[in-house]
Every structure is written in C-alpha cells, then in structure tokens.
1. Within the stretch 51-72, track down each residue that is assigned to a loop (DSSP other than H, G, I, E, B) and either assigned by the TED database to the domain that holds residue 631 or in contact with a Pro (Cβ under 8 Å, 6 or more places away or on another chain) (or both).
2. Please verify whether the stretch 585-600 includes one or more residues that are assigned to a helix (DSSP H, G or I), closer than 14 Å to residue 516 by Cβ, under 27 Å from the mean Cα position of the chain (by Cα) and more than 16 Å from the ligand (Cβ to nearest atom).
3. Please pick out the residue among 185, 156, 124 that is touching a residue at least 60 places away in the same chain (Cβ under 8 Å), of a type outside the set (A, V, I, L, M, F, W, C), in contact with a helix residue (DSSP H, G or I) (Cβ under 9 Å, 6 or more places away or on another chain) and open to solvent by 20 Å² or more (accessible area, probe 1.4 Å).
4. Quick test of your reading of the structure: residue 391 fulfils all but one of (1) open to solvent by less than 20 Å² (accessible area, probe 1.4 Å); (2) under 24 Å from the mean Cα position of the chain (by Cα); (3) more than 16 Å from residue 471 (Cα to Cα). Name the failing condition by number.
5. For the structure I just gave you, tell me whether residue 657 is assigned to a helix (DSSP H, G or I) and in contact with a Gly (Cβ under 7 Å, 6 or more places away or on another chain).
6. How many residues are away from the ligand (no atom under 16 Å from the Cβ) and closer than 21 Å to residue 373 by Cα when one looks only at the stretch 456-483?
7. In the stretch 355-371, which residues are touching a Ser or Thr at 6+ places or on another chain (Cβ under 9 Å) and open to solvent by 40 Å² or more (accessible area, probe 1.4 Å)?
Amino acid sequence: MTMSKQLLAAGLFALSVTACQQKDQDTPQRTTFFDKSGMDTTVLPGNDFFSFANGNWVKTTKIPDDQTGWGSFYSLYDENQLKTKAILEEAAKADAKKGSVEQKVGDFYASGMDTATIDKLGYEPLKSELAKIDALTDYKQVLAYLAADESNRGGELFGFYIGADDRQSSINRINFGQAGLSLPEKDYYTKTDEPTQKIRSAFVAYIAKLFTLIGVDSTTAKTKAQGILEFETALAKSHKAPADLRDPVANYNKLAVADLTRQMPNLNWRQFMDNMGLKRIDTVLVGQPGYYQALDKQLPATPVSVLKDRLVFDLLDRNAGLLSKPFEQASFEFNGKTLYGQPQQPERWKRIANQVDGSLGEALGELWVKKYFPPDAKERMLTLVNNLQKVYRERIEKLDWMSPETKKVALIKLDRFTKKIGYPDKWKDYSDVEVNRTDYFGNVQSARKHHYKEEFDKINQPVDRSEWGMTPPTVNAYANPTNNEIVFPAGILQFPFFDKDADDAINYGGIGMVIGHEMTHLFDDQGRQYDPNGNLRDWWTKQDAERFKAKVKPVVDQYGNYTVLNNLRLNGQLTLGENLADLGGLTLAYQAFKLTEQGKSDETIDGFTPDQRFFLGFAQVWRVKIRDETQRVLVSVDPHSPAKFRVNGPLTNFEPFYKAFDVKPGQKLYKPEVAQAKVW
Ligand SMILES: [Zn+2]
C-alpha cells in the first residue's frame, strides 16, 4: 500500500503525503531560523505570499534526481534517514545478542545491503508461490489461495485493515474496503488525456516486463498484461472516487458474514473468512460493498488463466524491491519514473532503511529516540499543545454560529483529546520475527506474517488506545477521530517545524500551526461527526450541522477554483478536510502566538515584525517543490492541497495577515472581510 492508501484505509488524517527520502541540499539558515535569501521580494505579499516567502528558493532549487520533490518535509526526512543510517550501520556491525532489538534491526539492514546474495537468487524466493499459483484450476481455488497466504492475506483483491469500529470505537473490527487496482484510482483506467494514456501503456509494458523476467516469451507476456488491464478496468467501474471515500456514514456498513455469503455467493465470505483463519468472526465492516459485489460477478466471468496472471503479477510487483536488480529496476521504471517522474532510484541504503522502518518500525524507533530525541522536547511540545487547546476552547465558546447545546459537547471533546508526542510509551514486541543476516526476503516475509498475526489477534478485541499509527522517525503527524487523539512523531519535532532556540514566531508559525491543524481535524467535515468518545454519532443539532455546512461551502469553492499544471483543477471536496485543518491551524497558532511575549511586542528581527515572522515561518514550513508527474497523481488522490495553496489559501481568509503585509483591495489574495471563510 502507498502511504496515502494506508492512511485513507486506517481513517487517519495526516499532515502531508510526501513520498519520502532525499539528500541534503540547502536548508534554511539556522541562526535566524528564516531563510531570507529564499524570498522573492519582487512579488507582492498580497498577490502571492508563497512566492514572496519562497520564490527565490523555488527558482534556484533543483529537485534531486532521486526525488519526487524537495523542500521542508523532504529535507528533514533526509536528515532523519541519515540518522537512521548511523543506527543501522552501528547495529549491523555490533555483535548483538541473538533476538535483541539491535540484532534484528542490524541484521535486517545487513541482509538488505547484501546485493551479492540477493542478485544471485534472482526470483528464487518466489518460486514456491509461483508453483502454487500455477496449480490453481478455478476461481474458487484462487480465493482459497488468497485467503491462506500468510504473508499477504486476501491478496490485492481484498483490501482490509483492523481498526476501531467507527460506531463502537472501543472495539476493533476487520474493515474491508475497495481494492483490486494497481493504478492510483479508478479514473486512471478510463481517462483519455495524453498523460493518463501514457501511464496505462507503460503499465501494460511493466506487467509484460515482469513476466519476461520469469521466462515468459514477450508475445505471451503482452497478452497476459492486456488481460490484467482489462480485468482491473472492469473492477475499477465499481470503485468509489477518492472524494466519495471521505463520508464516514456512507462508507460504514456493518454486515453479518452470513448475509454477505448470501449476497455474494461466489465470494463465499464464510469460506473465505474461514480460510483466513477467522472462523470465530461473524460480523465485519465493509466500506464499499459495491466493489465486492462487482468482484463477486467478475471472478467467475474471468478466465482462470487471467486470474492466475493477476496473482503472478501481484506477487512479482509486491516483491520486486526484494529481488535481484532486474526486478527492482523494472519496478522503479514504472512505479518511480513513469508514475512519479523520479529520474533516479534513491541509493540502496535509503530503500533498505525504509524497509526496516516498515518491517520493524518500533524496534528501529526505540533505538532512534534513545539517540536522537531530547527528553525535554516532549515537555516543550506539551506546553505548546496545551496553549493551543486553551485558545481553541476560547474560540469555540465565542462562536456565533453554534448553539450552546452543541458547544457543550464540542468542549467536552476538545478537553478530552489525547496528546501523543514523540514515541509510544511501550514498544511493540517483535520476538516472533526471525531475522537472518543472509535472507532479506525471508526477513521481510517473517515481518509480514508477524504483522498479520498481530492485526488478526485484535479483531473483536478492545482497542489499545496507546498504540501508534506512525513510527518515530516519520516527518508527519495525524489525528485519529476514533481515539479522539492527535499524534506527533519525534521525526517532525525538529527544524523547520520546531527548534528550541528559535523565536516563538517561527515555532508557532511552524509546529504551532501543525498542532492546530491536527486539532482542527477532530472538528473538520469528517472529524466533527465523531463524539467525545470517538464514536461516529450525530451529536450536532440539525441547525448547527446546517450552519457548519454553509460555513465550509466557500472553502470547497475556493480550492475548487485553484489549478495546477495545465489547468488541472483541485477537487474542493477531496481536499476539504485538509483545507479546513490548514485554516483552523493557522488561526489557532496565530492566536496562541499573540499570547507570548514576542507576540505582544513589536521588536523586529532581520527587519521583520513578530507577526511578519510568524507568517514567513508558516510559509517556510510549506516550502515544497514537486515534480509534475507526482503532482498529477497527487491531485487525483491526495486529500492535501499543493504547498502553494496550503499557504495562500488560508491567508486569503485571514485578516491579521492582511494587516501584517498591508494587503489591499485589488491584490490577488484580498477578499473583503465578509467574503472570508471562517469556521473555527
Ligand atoms: Zn491533515
């Protein structure tokens, strides 16, 4: 799963979806904490503040060849990766006790770096699975194979995660969602514009390439590839569009396995669940039943040879990065170069470090925070979060559009939310993951099996609210409405988001805004539908809900009018939650900043007033440049707006910004106060 798919599936509202990994180019100056040389002062702040603050940087920065983009999130992630590398190399050298965290992490890394062994093996590690697929004779056997695969339960045709039941948030359920597509979303199968057609034909070529690498002749390989594309195209029709997945009520269906079995006899849900080892489970959640109904019809109607080809392709595609160079290269050509426009693959150590983070995240994380997370950072962050929480409380109390009844519950929800900072209180146990220094593939498989076992053990059990959904080195943050919590991994609590030596203007414009963003998620168009206990339940009066919808409508329209590339329009509905979080985050952070000593003073630094520095610091956090190809994918699937609009969008609606930079009627970001969107 890609990052965005994962977050979407788990219902987490993250701060950003940046494909990760990069090289240190030019980070802003650390003495003044704002990079003045990156500004373009020929641009009027009131016309385009993003460019005023970052224009020169945008002009002079070249995205590194091994990257999909560059800027704040990327360069910090890059620094974190260098730190991770130091840990991994040290652990790999140390003669650690078998079974210790150091041994697992170090040997895992060493096995991934051992390209001599990996290249010699070719696709040997997959041969037993390929033989199993080859022996299947009908779609029923295909289903049985998918369900029983210990390292990839349900295959790519069944998408699921284990997480809180939206309407009973203290209990975990298995949640099935739409799946079966290899391309980013349904429209990629039908759109006829040139870039999409190019992607589709490259996709077919990629599938064919993988088949030729296991000895299929090129003509047969092409036929197989075409069959797979057609199969996926048929399934794509049943998919909901990304924006339609954001409605938690419409995507909640609690169903008895017995009923599903009756409704979709070909999928035979009871049998499938039994084969997955879930005999005791008789109730499940299905986000998008329409997809499974389509799959139920599609499976028997598709030649079994095509279904088997699809399984083979999935197996190769999913594991290409663990195999010898030709497989890895083929995967990069499509998944990196074609889809995201990345000219070069990142260095191997970065890819392996990512894999260790994905496979043994909290083992690596434990070593990471011990070495790199200063103990006082947690305390400082907590103070910041508490300050913003206080401001939010005052703002809710003063809202003129919300009734006292709804306010009462809103305030309970606000007072009750959990703050997770840095890293989990208890680390996950990886004792059943076998790590062998010479078996990279086996190590990943063992971690995958561990993962499924860990997840399956949670089904129908109480939710462990102390669990984390991101690993410590991650440069991101999230809000989880079913836990009523906001979470900030150690990885993001660093410059340019946060620095203990920076002035408040910079920290509030940076991490302060991030905190406010996550808090607002708990009250955005999705988050607001969850009550103080994290249950999806309508706790709003009808009138307040109507007023909320009227308040957010201008935000949908505003962002829906922004365009990128050649007139590619943003989807105002898809990005609504994030845009509300950006607007709320800026508002809360600014108000909290105004309570600090610097916020009350008018002492300039570097020629800027405290307020100006706050806005410049904010704009610096979103200093990101992205490749066109990546941008194109993100516009269709990413709920976050492009960086430029994450700066200019909220500022358009923010009076204190007008004052700080003398924004006047006639300038592009100017809107009369009555037309400015204000929600929280
Ligand atoms: Zn967000």
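The values are calculated or read from the model by the stated rules, or taken from the named source; none is laboratory data. Note that the structure is a prediction, hence the values are computed from the model and not measured. Using ideal geometry, Cβ is built from the backbone for each residue, glycine included, and neighbour counts are taken over all protein chains shown. Side chains included, ligands, DNA and RNA excluded: accessible areas come from the protein's heavy atoms. Shrake-Rupley method; radii C 1.70, N 1.55, O 1.52, S 1.80 Å.
1. Step one: list which residues in the stretch 51-72 are assigned to a loop (DSSP other than H, G, I, E, B), which gives 61-68.
Within the stretch 51-72, 65, 66, 67 meet the criteria.
2. Here is the first cut: in the stretch 585-600, the residues assigned to a helix (DSSP H, G or I) are 585-593, 597-600.
Right, trim to closer than 14 Å to residue 516 by Cβ and you get 585-593.
Still in the running and under 27 Å from the mean Cα position of the chain (by Cα): 585-590.
When the remaining residues are screened for being more than 16 Å from the ligand (Cβ to nearest atom), the result is 590.
Within the stretch 585-600, one or more residues are assigned to a helix (DSSP H, G or I), closer than 14 Å to residue 516 by Cβ, under 27 Å from the mean Cα position of the chain (by Cα) and more than 16 Å from the ligand (Cβ to nearest atom).
3. Details: 185 fails: open to solvent by 20 Å² or more (accessible area, probe 1.4 Å); 124 fails: touching a residue at least 60 places away in the same chain (Cβ under 8 Å).
That would be 156, the only listed residue that is touching a residue at least 60 places away in the same chain (Cβ under 8 Å), of a type outside the set (A, V, I, L, M, F, W, C), in contact with a helix residue (DSSP H, G or I) (Cβ under 9 Å, 6 or more places away or on another chain) and open to solvent by 20 Å² or more (accessible area, probe 1.4 Å).
4. For residue 391, the exception is condition (2).
5. Numbers: assigned to a helix (DSSP H, G or I): yes; in contact with a Gly (Cβ under 7 Å, 6 or more places away or on another chain): no.
Answer is no for this residue.
6. Qualifying residue count, the stretch 456-483: 6.
7. Within the stretch 355-371, 358 is the sole residue that qualifies.
So that you can scan it fast, the table gives a plain yes or no per residue for (1) over 27 Å from residue 556 (Cβ atoms); (2) open to solvent by less than 10 Å² (accessible area, probe 1.4 Å); (3) aliphatic (A, V, I, L, M):
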{"site": "589", "(1), (2), (3)": "no, yes, yes"}
{"site": "613", "(1), (2), (3)": "yes, yes, no"}
{"site": "622", "(1), (2), (3)": "no, yes, no"}
{"site": "626", "(1), (2), (3)": "no, no, yes"}
{"site": "654", "(1), (2), (3)": "no, no, no"}
{"site": "672", "(1), (2), (3)": "no, no, no"}
